[in-house]
Amino acid sequence: MPLFTYRCEACGAIFEALVRSGRAEPTACQTCHATAIRRQPSAFAVTHSEVDALRSLDPMYKRMVEDQMARTPDAEPMRHLNKLTPFSAAPDPGPPIDF
Ligand SMILES: [Zn+2]
């Protein structure tokens with residue numbers, strides 16, 4: 001659902017509107033209700049708003065990811081230690097190297 005930024009030609013107000021596909025775009029200024037509004041090619045405003053939207057989703061998304069990660073084999077904290085050879089079973093490395 002795209003978020004567009006509009007600027008009122010009459011009063012200069014800038015506002016954003018979510019425009020669902022198939023729905024009409026806003027036709028009047030939200031401040032002065034003039035109909036002389038123009039959609040702004042404002043990449044910054046759109047990007048900023050998308051970042052805000054992702055940030056608002058973040059806690060729920062992070063918990064969902066952590067729940068899924070906890071069920072994978074990689075979540076086992078001892079997984080690397082269990083693969084190691086204990087000192088008692090390791091071959092004798094020989095005398096220490098003299099530098
Ligand atoms: Zn206006």
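The values are calculated or read from the model by the stated rules, or taken from the named source; none is laboratory data. Predicted model, so just to flag it, every value in this text is computed and none were measured. Neighbour counts run over all protein chains shown; Cβ positions are idealised from the backbone, glycine included.
Observations on the model:
- Contact map, the stretch 31-52: first residue assigned to a helix (DSSP H, G or I), second residue at pLDDT 70 or above and more than 9 Å from the ligand (Cβ to nearest atom), Cβ cut-off under 6 Å, separation 6 or more or different chains; pairs are Ala45/Thr5; Val46/Leu3; Ser49/Leu3.
- Residues in the stretch 1-56 that are among the polar types (S, T, N, Q) and either over 19 Å from the mean Cα position of the chain (by Cα) or at pLDDT 85 or above (or both): Thr5, Ser21, Thr27, Gln30, Thr31, Thr35, Gln40, Ser42.
- Complete set of residues in the stretch 1-38 that are surrounded by 13 or more Cβ atoms within 10 Å (Cβ to Cβ) and more than 10 Å from the ligand (Cβ to nearest atom): Leu3, Phe4, Thr5, Glu16, Ala17, Val19, Pro26
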